[in-house]
Every structure is written in C-alpha cells, then in structure tokens.
Amino acid sequence: MSKILNRRAFTKLGLLVALVAGVAVSILLVTVNGTAVVSWPDWFAANHWLTTVARVGLFGVAIATFYSVLRHTIQKSENDGTNAQQAQLHVRIRQLILWFLSIELLFGQALLPSILELFVS
C-alpha cells in the first residue's frame, strides 16, 4: 500500500468535505419546496451537455489533485525506486481515466440504455 493510505492523510479532509456537503444538501432541501425538487430532472434533461461538462471538469480536477499529491509525495521521498513509482503513478492515472470514460459513456451519456433498447426491440 502507498504511504498516503498507510498514514491516512486524507481522513480529516474527507470527513470535512463530507460534513460540508451534507450540511449544504440539508440546507438546500430545507429551503427548497417540493416543486423545485420535481423540476430538477427536467432541468438536467434540458441541460444535459452542461451537466456533462461539469462532471468531466470535476473529474479532471480530482485526477489533477490526485496526481499532484502523489507526484509530490514520490519526489519528496528519497527512494531508489522513484522512477518505478513514477511509472506506476502514470499507469494508475491512465486506468482511472479509462474507467471514468467508460462509466461516463455508458451511464452519463446513456449509451447502455440505448444499446439495451436496440437489442430488446
């Protein structure tokens, strides 16, 4: 396992982000009436490409942060296997991008339901 996971460096940050997100969603649900909650799916359907750009942008930020933190950690450590760790980091980033693209195409762009509908009908 990596040193970051062994040290649990993101535990406090992750808990803080989850707390802020939970409070924000709770406040949003309290202040918004039921008609807005019903109209959100219509808004998402009308602005499909905007939400796609937002999802891809958030994923890009997450990958860039993950890469920069691990690269900084690798450069900070003075191991002989720095090049091997750097290569492993690049492989992990490629795998994450491939997984995201697959999931985004199948579910975010609704290719899976379209393909299933084509085969069923």
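Please give the calculated 222 nm ellipticity per residue for the chain, where each DSSP H segment of at least 4 residues contributes -39500 (n - 2.57) and the sum is spread over every residue; nearest 500 deg cm²/dmol?
The helix-only estimate for the chain comes to -27500 deg cm²/dmol at 222 nm.
Residue-wise, which Karplus ³J(HN,Hα) couplings in Hz belong to the stretch 108-121, taking 6.51 cos²θ - 1.76 cosθ + 1.60, θ = phi - 60°, and x for glycine or proline?
x, 9, 6, 6, 4, x, 5, 5, 5, 5, 5, 6, 6, 8
In a Debye calculation with equal point scatterers on the alpha-carbon sites of the stretch 42-96 and no solvent, what is log10 I(q)/I(0) at q = 0.12, 0.25, 0.27 Å⁻¹?
Normalising to I(0) and taking log10 leaves -0.42, -0.94, -1.01.
Could you run the Karplus curve 6.51 cos²θ - 1.76 cosθ + 1.60 with θ = phi - 60° over the stretch 15-20 and give me ³J(HN,Hα) per residue in whole Hz, x for Gly and Pro?
3J(HN,Hα) across the stretch 15-20, in whole Hz: 5, 5, 5, 5, 5, 4.
Which residue, chosen from Tyr67, Ser121, Thr51, occupies the Cα position most advanced towards the positive end of the dipole of the stretch 27-121, where the dipole is computed from +1 (Lys, Arg) and -1 (Asp, Glu) charges on Cβ about the Cα centre?
Tyr67
Quick one: 3J(HN,Hα) in Hz for the stretch 95-103, Karplus 6.51/-1.76/1.60 with θ = phi - 60°, rounded, Gly and Pro as x.
Going residue by residue, I get 5, 4, 5, 4, 4, 4, 4, 4, 5 Hz, with x marking Gly and Pro.
If you keep only loop residues by DSSP, which GluC sites (Glu not before Pro) in the stretch 43-121 have at most 10 other Cβ atoms within 10 Å of their Cβ? Numbers along the way, then the final one.
Values: sites: Glu78, Glu104, Glu117; in loops: Glu78.
Loop-located and lightly packed - Glu78.
Give me the extension gain from Val69 to Val56: residue separation times 0.36 nm, minus the current Cα-Cα distance, reported in nm with one decimal.
My answer for the length gained is 2.7 nm.
Roughly what percent of Cα-Cα pairs across the chain reach past 22 Å?
59
Describe numerically, in nm with one decimal, the distance between label points set 7 Å from Cα along Cα→Cβ at Ser77 and at Lys12.
Simple spin-label model gives 2.2 nm for this pair.
Laboratory data are not the source of any read-out in this text; all were calculated from the coordinates shown. The structure presented is a predicted model; accordingly, all values stated were derived computationally and were not measured. Cβ sites come from the backbone with ideal geometry, for glycine too, and all protein chains shown count toward neighbours.
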